[in-house]
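Asks: So that we are looking at the same thing, I have put the structure below in structure tokens.
Since every read-out is calculated from the coordinates, none of them should be taken as a lab result. Predicted, not measured: the structure shown is a model, and the values here were computed from it. Virtual Cβ from ideal backbone geometry, glycine too; neighbours counted across all protein chains shown.
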Amino acid sequence: MWSTLNINMKNLTVSRVPFPDKYREMGGRGLIAQYMMDHVPPTCDPLGEENKLLICTTVFAGTNLTTAHRISIGGKSPLTGGIKESNAGGYAANLLAGQGIRMAVVEGLPDTDGLWLVHINAKGEVALEDATAYEGTNNYEFVDKMHEKYGKTIATISIGSAGERIHRIASIQISEFGEGYPSRAAARGGMGSVMGSKRLKAIVIEKPETRFEPEYADRETFKAVCTELNKVIATGAKADPFRNIGTIATIEATGLSGVLPVENFSGKLFPEYTEVGANKFLTNLASRGGRNKQICQPGCVVKCSNVYNDKEGNYLTSGFEYETIALFGPNCRISDLDVIARMDRICDDCGIDTIEVANAIAISMEMGKIPWGDGEAAIGLLQEIKDGTEFGQLLGNGCEVVGNALGCKRIPVVKHQGMAGYDPRNTKGTGITYATSPQGADHTAGLTLGRAMADTGRAAQGYASNKLQVAMAFADSMMCIFAFANCVPSMPLLADLMAGLYGGKPDITRVTGMGVKTLLTEKAYNKMAGMTEADDKIPEFFKTEASPATGSVFDVGDAELACILNF
Amino acid sequence: MIIIDGKSYPYQPDTTVLEAVSQLGIQSDNMVLVVIDGRVMPWNQLDQELIQDGVEIRLLHIVSGG
Amino acid sequence: MITSYEVFVPALMGSGSSLRTGLKVRELGCNKVLVVYDKGLKDVGISDKIVENLNAAGIETICFDGVLPDPPDIMIEGAAEIAREGNIDGIVAVGGGSAIDTAKGINVLIHNQPPIAQYFGIRNDLKPGVPMVFLPTTSGTGSEVTNMCVITHMATGAKNSVTSRVCIGSIAILDPDLTLGLPSQITAATGFDAFCHAAEALTSGHENPLSDALARDAIRTISDYLPIAVTDGCNSIAREKMIIASMLAGMAFTNALVHLGHAFGHTIGARFHISHGIACAVALPQIIEFASVTESHKVRMIGECMDVEIAKDATPEEIGNLTSHAILKLKKDINMPTMKDLDFTLEDLLKIAPLVSQDLSFALSPRRMTTSQVAEILQVAYDANG
């Protein structure tokens, strides 16, 4: 029987209780949506007593489905003011599942000063331990210390100094399988600050002596279908640029089409994008002993991760991804991949969302605080976050805060959250997702690139956004979306898996229904939190400034946006 | 011989990469990356490069984003 | 808004133009063509005339007379085999949409391996085929000027289309004489299909000014001349106007695309086995009213082209209402079967509501429609008994 780990920071207790039956067939994003609706008042202060930090695995936790051990972290976001689910790869979900833990709920605020961590040992015993010795310790050093103390077969879920300082764009870093670098980020929406507000530094999970096994309604069917589906995904992944190169490959598509953000979403092209593109990346890996085709969790067949070394061949960063490269790179007119890698490292270390802070740095460049393209100056700004300077505090609270402070008129946010590496004028369906997703400007909620007629056109973009938002909502409850993308031709098998694990009929509406229900629940939650249609808007400048690369403006009307998530 | 996506084809001198790929019916598509001997080449440059005997070409399809 | 108009087929128009088929095929450089038609066209002697015309111009012909309505993929695959074995270097199709789409399907398979079902969707990656010449005998599907061919996938029973450069004809020959014998009911159904093409192209989210201009003219012409063509099939002026209007509507929609009317139409047609034009007509008035919320300026154009007086300050709802009534009237004027005539119950109709959203055309709606709104529209259409 699965457990919930209740971590009560007011009483300073941690205990295992049975995982509620009502959430039996839920996981990931769907579970967070329903749990929030049931237990967290939508009008609560995100950094206050009533908000909860939810950490959970997917509906297929404990099974051999590839990438089933994705971790979802949720709560009310201090950045968007609405519901947030932020997911990541890494090893932690696999070990939580191995420990029989389907979900961890962190609630309350401590009455006393202090800092704590939760430790789950190999026997499955859980303890809340004093972590004041690690106060101010950033993630890399923290993980090293945990390795010294508990060995390398552990996983960590931790915040750095940004989370401890309750910066609204603080991330929660998850350690990667293998070396254990804290480079997988549950980055969006400031969940790190919720964790910091509760004075929880980390959850450290040891590999269990005996791995928990879930109960199957029909084990044989499940295993057979799982084997088949894993094969389908592995076959698809063979031709997937994410496997063969890494997510950086996306830049080869967006760099030429005006989708890649350049110079604070100016809509221009950046011919130097090749300096931060796939070929440069592969050359640097090959000549410096870096690696791609790495897994971040056991059993992944997509293998999109990487280890990126510096010029001397020493480890610099891992999980070096398109979003970080696009937004620290061309969007800041920086064309030095090594400089961007250093920035990635700093962000993972102090625990900050690279998308948000990169947008903030681009705004800082636009407003003349530092020059465009000045990588060292950009690193200097990140150092200010680490040092806790006055401007560093602003940066730590997101690009809208920085934009307002500097008087910038061009702030690329929806629901106060910064946009990802796709210009909404040149991938309009993605722009529709940014506007209408309950998660804010979130590309993983429904990236429509190449999915519906011309990306700069209007036809079918709303349809694509709707379909993808549903798909991503259930995919994020089940597995990594990169694995999901490769299993789409065999999607009915997901229904077979549900039936094999939980019983009942293999009905695809059980799967698609999960997506629709999650979206409607999130929307309802946000409405109760005070959000209105006014929050489903793309910033004005995207509607009035034509992208010089394509001539496009974001011209999807309000009436169209209003019905995107009608079902 | 040249190899495209694991299949062998006869090498024809004075053939551009674009010609080699087009003979399979593949046309310029932003969501398809053409990788020649491990190097990504943009579609607008494919007609400027002649294939060499023994070249390996792979066509990678972008299915997701992140 | 930046728009584009990309699909264009040269056309030869006018009474007697079909007598230049042989000349045109020779100009295209063809020596041996597959002539594609259905048995009905053979029976009325039209196909023989075309074959004779081709032979007289020195063009060798192989005939395929096995065209079936809603062309089944296996039929097309069989015909393509004949084409390949015959080493043809051109295709001439004479007939309605089924004959033309059969020809297009054959052309897909000239240099691309069967089965054709693997090519459903928008395909930029198909190897080119041979020149195609189209002579429509209905007015009509407009297929002679579009880049898509609609095929029935026999394994699933579903209709789907291949949209590709390979499906674009080299020339369309629009001879109204070939439509003089078209029975009244078919004239009405195919004529209304053309009307739907124009109305949907005009209100599409993929609009462009050229398509708009073509669609407007098509709507005007169809409103004026379709009723005449239906009641007086021998009226050569009405037939001439209609064949051109059908082509204009085809040109409009192949670039601006169709949406809800065809999503409903495909679904209703497949479920109740009624012809395409009649199926698309079922809910069109209500769909145009729905579209008016976001496309009122375009719906106004439809209404005004149908001579409806619409006040300058009319609201989107009023514009939608007036225009949908005009469309209902047109349906009555051409004796389109009513709901009662079609003999399905409201219950039957509502059952298909969830299927409408599965149709690809649904994706192109200018304004998102939910399944419950689909059901509402079907209910209103049923009650209107139009």
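Asks: Hey, got the Cα dimensions of the stretch A:56-124 along the principal axes, in Å, largest first?
Replies: The Cα atoms of the stretch A:56-124 stretch 41, 33, 16 Å along their principal axes.
Asks: Could you tell me the largest-minus-smallest coordinate of the C-alpha atoms of the stretch A:246-423 on each of the three principal axes, in descending order and whole angstroms?
Replies: Dimensions of the stretch A:246-423 along the principal axes of its Cα atoms: 44, 37, 30 Å.
Asks: When you look at the Cβ of every residue in A:453-463, what mean number of other chain Cβ atoms sits within 10 Å?
Replies: Average per residue, whole number: 6.
Asks: Normalised by the empirical 2.2 N^0.38 Å for globular proteins, what value does the Cα Rg of the stretch C:183-381 take?
Replies: 0.94
Asks: Work out, in µm²/s and without decimals, the Stokes-Einstein translational diffusion coefficient of the stretch A:3-206 at 37 °C, 0.692 mPa s, Rh from Kirkwood over C-alpha pairs.
Replies: Working: Rh = 16.3 Å.
The diffusion coefficient I find is 202 µm²/s.
Asks: May I pose another question? Hey, with R₀ at 41 Å, roughly what FRET efficiency would residue B:48 and residue C:55 work out to, going by the Cβ-Cβ distance, to 0.05?
Replies: 0.25
Asks: Relative to a virtual label point 7 Å from the Cα of residue B:31 in the Cα→beta-carbon direction, which members of the stretch B:49-66 show backbone nitrogen distances below 17 Å?
Replies: Of the residues in the stretch B:49-66, B:59-66 have backbone N under 17 Å from the label point off residue B:31.
Asks: Evaluate E = 1/(1 + (r/R0)^6) for residue A:235 and residue C:383, where r is the Cβ-Cβ distance and R0 equals 60 Å; express this FRET efficiency to the nearest 0.05. Walk me through the numbers before you get to the answer.
Replies: On the way: r = 51 Å, r/R0 = 0.85.
Once the sixth-power term is evaluated, E becomes 0.70.
Asks: Sticking with this structure for a sec: Under the Karplus relation 6.51 cos²θ - 1.76 cosθ + 1.60, θ = phi - 60°, what is the ordered set of whole-Hz ³J(HN,Hα) values for the stretch C:199-209, x standing for Gly and Pro?
Replies: 5, 6, 4, 5, 9, 6, x, 10, 4, 8, x
Asks: Something else now. Hey, what does the equivalent ellipsoid look like for the stretch A:225-322, semi-axes from the Cα gyration tensor as sqrt of 5 times each eigenvalue, largest first, whole Å?
Replies: Equivalent ellipsoid semi-axes, largest first: 26, 20, 10 Å.
Asks: Can you pull the Kirkwood radius for the stretch C:317-386, inverse mean 1/r over Cα pairs, to one decimal in Å?
Replies: 13.4
Asks: Write down the Å³ per residue value for the convex hull defined by the alpha carbon atoms of the stretch C:11-178.
Replies: Measuring per residue, one finds 93 Å³ for the Cα hull of the stretch C:11-178.
Asks: Please report Rg over Rh for the stretch A:407-497, where both radii come from the alpha carbon positions and Rh follows the Kirkwood definition.
Replies: Using Cα coordinates only, the ratio equals 1.02.
Asks: Related question: Suppose we look only past 19 Å in the calculated P(r) of the stretch C:84-187. What percent of the Cα-Cα pairs does that tail hold?
Replies: Everything past 19 Å amounts to 43 percent.
Asks: Let me ask something additional. For the Cα atoms of chain C, what angle does the longest principal axis make with the long axis of helix C:260-272, in degrees from 0 to 90, nearest 10?
Replies: 70
Asks: Something else: Give the relative contact order (percent, whole number) for chain C; include only Cα pairs under 8 Å separated by 6+ residues.
Replies: This gives 15 percent for chain C.
Asks: How many percent of Cα pairs in the stretch A:507-562 exceed 16 Å?
Replies: Counting every Cα pair in the stretch A:507-562, those more than 16 Å apart make up 62 percent.
Asks: Antiparallel versus total DSSP beta bridges in the stretch C:11-178: what percent is that, nearest 5? Spell out each step's value before the answer.
Replies: Details: 6 of 29 bridges.
In the stretch C:11-178, approximately 20 percent of DSSP beta bridges are antiparallel ones.
Asks: Using the Cα centre as the reference, give the magnitude of the dipole from point charges on the C-beta atoms of the stretch A:74-180 (Lys, Arg: +1; Asp, Glu: -1; all else neutral), rounded to the nearest 20 debye.
Replies: For this selection, approximately 380 debye.
Asks: Further question on the same structure: Please rank C:352, A:334, fewest neighbouring Cβ atoms within 10 Å first, as an exposure proxy.
Replies: Arranged by neighbour count, lowest to highest, C:352, A:334 become C:352, A:334.
Asks: Where does each of A:118-130, A:342-354, A:309-321 land if you order them by average Cβ count within 10 Å, highest first? Before the final figure, lay out the partial values.
Replies: Working: A:118-130: 16.5, A:342-354: 26.7, A:309-321: 18.2.
Ranked by mean Cβ neighbours within 10 Å, highest first: A:342-354, A:309-321, A:118-130.
Asks: Considering only Cα-Cα distances, which of the following residue pairs are longer than 24 Å: A:238/A:517; A:207/A:303; A:52/A:527; A:152/A:280?
Replies: Numbers: A:238/A:517 33 Å; A:207/A:303 22 Å; A:52/A:527 19 Å; A:152/A:280 32 Å.
Correct reply: A:238/A:517; A:152/A:280.
Asks: Got the relative contact order for the stretch A:15-69 handy, in percent, Cα pairs under 8 Å and 6 or more residues apart?
Replies: Across the stretch A:15-69, relative contact order equals 32 percent.
Asks: Something else: Provide C:204, A:552 in ascending order of the number of other Cβ atoms located within 10 Å of each residue's Cβ, fewest first.
Replies: A:552, C:204
Asks: From zero up to wherever the largest Cα-Cα distance of chain C sits, split into 10 Å bins and tell me the percent of pairs in each.
Replies: Using 10 Å bins, I get a P(r) of 5, 25, 34, 24, 9, 2, 0 for chain C.
Asks: Taking Cα atoms, how many degrees apart are the long axis of helix C:73-85 and the longest axis of chain C, rounded to 10 and kept between 0 and 90?
Replies: Orientation of helix C:73-85: about 30 degrees from the principal axis.
Asks: Also, I was wondering about something else. Among bridges DSSP assigns within the stretch C:119-194, what percent are antiparallel (round to 5)?
Replies: Once the DSSP bridges in the stretch C:119-194 are tallied, antiparallel ones form about 55 percent.
Asks: Moving on. Can you spot the lysines whose alpha carbon is less than 27 Å from residue C:331's alpha carbon? Ignore those fewer than 8 places along the same chain.
Replies: Once the sequence-local lysines are set aside, what remains near residue C:331 is C:159, C:241, C:298, C:312, C:340, C:351.
Asks: Can I ask one more? Computed on alpha carbon atoms, what radius of gyration and Dmax characterise the stretch A:26-142, expressed in Å?
Replies: Using the Cα atoms of the stretch A:26-142, the pair Rg, Dmax is 15.1, 43 Å.
Asks: How large is ³J(HN,Hα) for each residue in the stretch A:366-372, as worked out from phi by the Karplus curve 6.51 cos²θ - 1.76 cosθ + 1.60 (θ = phi - 60°), to whole Hz, x for Gly and Pro?
Replies: 3J(HN,Hα) across the stretch A:366-372, in whole Hz: 4, 8, x, 5, 9, x, 4.
Asks: Helix C:316-333: angle to the longest alpha-carbon principal axis of chain C, degrees 0 to 90, nearest 10?
Replies: Computed tilt is about 50 degrees.
Asks: Kirkwood Rh over alpha-carbon pairs of the protein assembly as shown, then Stokes-Einstein at 20 °C and 1.002 mPa s: what D in µm² s⁻¹, rounded to an integer?
Replies: My calculation gives 70 µm²/s for D.
Asks: Need one number: % antiparallel among DSSP beta bridges in the protein assembly as shown, to the nearest 5.
Replies: In the protein assembly as shown, DSSP labels about 65 percent of beta bridges as antiparallel.
Asks: Can I ask one more? Kirkwood hydrodynamic radius, chain B, all distinct C-alpha pairs: what's the number in Å?
Replies: Kirkwood hydrodynamic radius for chain B: 12.0 Å.
Asks: How much of the pair distance distribution for the stretch A:362-424 lies past 12 Å, counting alpha-carbon pairs only, in percent?
Replies: Above the 12 Å cut-off, the stretch A:362-424 has 68 percent of its Cα pairs.
Asks: Report the FRET efficiency, 1/(1 + (r/R0)^6), for residue C:81 and residue C:273, where r is their Cβ-Cβ distance and R0 is 41 Å, rounded to 0.05. If you can, show how the numbers build up before the last one.
Replies: Numbers: r = 28 Å, r/R0 = 0.69.
Once rounded, the FRET efficiency stands at 0.90.
Asks: Provide, in order from the shortest bin, the percent of all Cα-Cα pairs of the stretch A:87-131 in each 5 Å bin, continuing until the bin that contains the maximum pair distance.
Replies: 5, 16, 24, 24, 18, 10, 3
Asks: How large is the helix-only mean residue ellipticity at 222 nm for chain A, computed as the sum of -39500 (n - 2.57) over DSSP H runs with n ≥ 4, divided by its residue count, in deg cm²/dmol to the nearest 500?
Replies: After summing the helix terms and dividing by the residues of chain A, the value is -11000 deg cm²/dmol.
Asks: Continuing with the same structure: Highest mean first, what order results for A:45-54, A:296-305, A:428-437, A:173-182 on Cβ atoms within 10 Å? Please report the intermediate quantities before stating the final value.
Replies: On the way: A:45-54: 18.9, A:296-305: 23.3, A:428-437: 29.6, A:173-182: 25.0.
Listed from highest to lowest mean packing, they are A:428-437, A:173-182, A:296-305, A:45-54.
Asks: What number results when the radius of gyration of chain A, computed over Cα atoms, is divided by 2.2 N^0.38 Å?
Replies: It is 0.89.
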